[in-house]
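S.K.: Dumping the structure here so I can ask a few things about it.
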Amino acid sequence: MTDRIYTVHHSTPIYQSPVRAPDFGRQRWGQVNTFEQVVARPPMGTGPRFEESTVYRSFRAVFMRGEPWEATVWFKRNLKLIESGEVLWNCRTREEWLNRLENDVRALYESIRTHGFLEQASIAERALSDSSELGRFVREGYPSGVSSDHEIKLGINEDGKLLFLDGRHRLAVAKLLRVERIPVRVVFVHRAFLERHPEWAAADRQPGGATSDVSLVSRLIRDHIESGGKPAREAVRYLTGDEYAAAVESLSPERAKTMTIRWEYHKSAIDFVQLCRPRSASDVLEMGPGGVSIVHGSETIDFAAKKAQLNYVPTWFHDGRETPWPVADKRYQVFVALRVFHQLSPCQRACFLEAKRVARNIVMVVAEPEDLADGDTTVSGLSEAQFTEWNNGVRPTVTVKLPFRVGRLYFWNEESLGA
């Protein structure tokens, strides 16, 4: 493998960079050849997950659901820019833009699906040595160059999170196709991240961001990316009884009347999440917590007719009944859904299989049929037998009948889910 080209798994969390990509290039960004810079900036934070980007969602609509390009937000947004006079990917008209998508972008998808995700050097070599369709990507006039400098470009922020900088078409396709290993180059590493690793302190001694020992930085990047791009284990803070009481009082005086009952199953769910030993809050996905997550800072998936109807901003604004969810395989250490699944009828089986796909462990509190009001056709309780059938005949690791018609608490560990 070419020196300093790393590989990430398709499920590795990658976030949009809040900093402009060309800010890190000393030359025109498409041909930038300055990598692994140590930068001293204010904290960068992150933008949204890459899977929330317009490009990824549009690619998913076209390649997974068969929708036309013209129906996607990405097509319409770029068409407006082209019609205003901008030239995008050598396209100056609607016809040229649609032709690029129907030809070059579809060819990119088919090439990765057929050949796997090749490094740029391999594409160039194979395109010149045979008559394969790879030659289309190195032809004169192709809007993206093929060179070792032009791999997907990432950065590493102060918390060790991977930030996307360049190569969105290839990254979107690779994630959709669940490519096992995706080659990338790292443009920058935040100095604060290096400082959290004293053993690498010698790698950053010169002023102006230059590094005295690039090999040390390279090793740190390699080890970090191969570990899944996750920061070191952080203290995970769990909801307390007092915090729960205050949150419920402020959000729903009606729900406050049953606060004691509700807190009991929240507390039990916290115990099982702790058994899963999440590395950080972002290792936990909670469905429909209504603004009261049992893990502070956990990632969330929720849906309402309008975003304004939610009293918080979920990580994934997505109707869980629509599958597949826009979440990578085994992205989370634990999935949590407390008194949510009875509302997902008639898609509960598909939703359970999605929870099993995206998480290594599952914690749920689910109403049983007898726990729900008679005549309410909008909800559907579930039994342990149904979950067992959906899980290939394997019973939950733990199941507990809860009082006051709350339902059952279920816990599935990695072994029971076949993770």
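S.K.: VAL336 - would you say it is within 27 Å of the chain's Cα centre (by Cα), of a type in the set (A, V, I, L, M, F, W, C) and either within 18 Å of ALA269 (Cα to Cα) or not in a strand (DSSP E or B) (or both)? Break it down into steps so the answer makes sense when it comes.
M.R.: Numbers: within 27 Å of the chain's Cα centre (by Cα): yes; of a type in the set (A, V, I, L, M, F, W, C): yes; either within 18 Å of ALA269 (Cα to Cα) or not in a strand (DSSP E or B) (or both): yes.
Yes: the conditions hold for VAL336.
Matching residues to (1) in contact (Cβ under 8 Å) with a residue 12 or more places away in the chain; (2) over 16 Å from ASP166 (Cα atoms); (3) among the small types (Gly, Ala, Ser); (4) open to solvent by less than 60 Å² (accessible area, probe 1.4 Å):
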| position | (1), (2), (3), (4) |
| --- | --- |
| GLN16 | yes, no, no, yes |
| ALA21 | yes, no, yes, yes |
| VAL32 | yes, no, no, yes |
| PRO68 | no, yes, no, no |
| PHE75 | yes, yes, no, yes |
| GLU86 | no, yes, no, no |
| ASN103 | no, yes, no, no |
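S.K.: With respect to ALA124, determine if the residue is open to solvent by less than 60 Å² (accessible area, probe 1.4 Å) and modelled with pLDDT of 75 or more.
M.R.: Working: open to solvent by less than 60 Å² (accessible area, probe 1.4 Å): yes; modelled with pLDDT of 75 or more: no.
No: the conditions fail for ALA124.
S.K.: So, in the range 265-289, exactly how many residues are surrounded by 16 or more Cβ atoms within 10 Å (Cβ to Cβ) and assigned to a helix (DSSP H, G or I)? Working first, answer last.
M.R.: Residues of the range 265-289 that are surrounded by 16 or more Cβ atoms within 10 Å (Cβ to Cβ), as a first pass: 265-266, 268-270, 272-273, 276, 278-289.
Those left that are additionally assigned to a helix (DSSP H, G or I): 265-266, 268-270, 272-273, 281-283.
Total satisfying the criteria: 10.
S.K.: Also, quick follow-up: Can you name the residue in the range 396-412 that is under 29 Å from the mean Cα position of the chain (by Cα) and not aromatic (Phe, Trp, Tyr) and, of all such residues, is nearest to LEU344 (Cα to Cα)? Give the derivation first.
M.R.: If we filter the range 396-412 for residues that are under 29 Å from the mean Cα position of the chain (by Cα), which is where we start, we get 396-398, 409-412.
Narrowing the set further to residues that are not aromatic (Phe, Trp, Tyr) leaves 396-398, 409.
Numbers: PRO396: 20, THR397: 23, VAL398: 22, LEU409: 17 Å.
The extreme case among them is LEU409.
S.K.: Are there any pairs with C-beta distances below 7 angstrom linking a residue in the range 38-59 that is farther than 13 Å from GLY155 by Cα and open to solvent by less than 60 Å² (accessible area, probe 1.4 Å) to a residue that is modelled with pLDDT of 90 or more and in a loop (DSSP other than H, G, I, E, B), with the two at least 6 apart or on different chains, and if so which?
M.R.: Short answer, once both residue conditions are applied: SER58/THR72.
S.K.: Hey, another quick one. Scan the range 387-416 and report the pairs whose first residue is farther than 25 Å from ARG262 by Cα and at pLDDT 95 or above and whose second residue is open to solvent by less than 50 Å² (accessible area, probe 1.4 Å) and among the aromatic types (Phe, Trp, Tyr), with Cβ atoms within less than 6 Å and a gap of 6+ or a chain change.
M.R.: If the second residue must be open to solvent by less than 50 Å² (accessible area, probe 1.4 Å) and among the aromatic types (Phe, Trp, Tyr), the pairs left are TRP390/PHE352.
S.K.: Do we have GLN386 as more than 24 Å from GLN274 (Cβ to Cβ) and surrounded by fewer than 18 Cβ atoms within 10 Å (Cβ to Cβ) here? Please lay out each step first, then the result.
M.R.: On the way: more than 24 Å from GLN274 (Cβ to Cβ): yes; surrounded by fewer than 18 Cβ atoms within 10 Å (Cβ to Cβ): yes.
Considered against the rule, which asks whether it is more than 24 Å from GLN274 (Cβ to Cβ) and surrounded by fewer than 18 Cβ atoms within 10 Å (Cβ to Cβ), GLN386 comes out as yes.
The values are calculated or read from the model by the stated rules, or taken from the named source; none is laboratory data. Computed from a prediction, not measured in an experiment: that's the story for all the values here. All Cβ positions, even for glycine, are placed from backbone atoms using ideal geometry, and neighbour counts span all protein chains on display. To get the accessible areas, we keep the full protein, side chains included, count just its heavy atoms, and leave off ligands, DNA and RNA. Shrake-Rupley method; radii C 1.70, N 1.55, O 1.52, S 1.80 Å.
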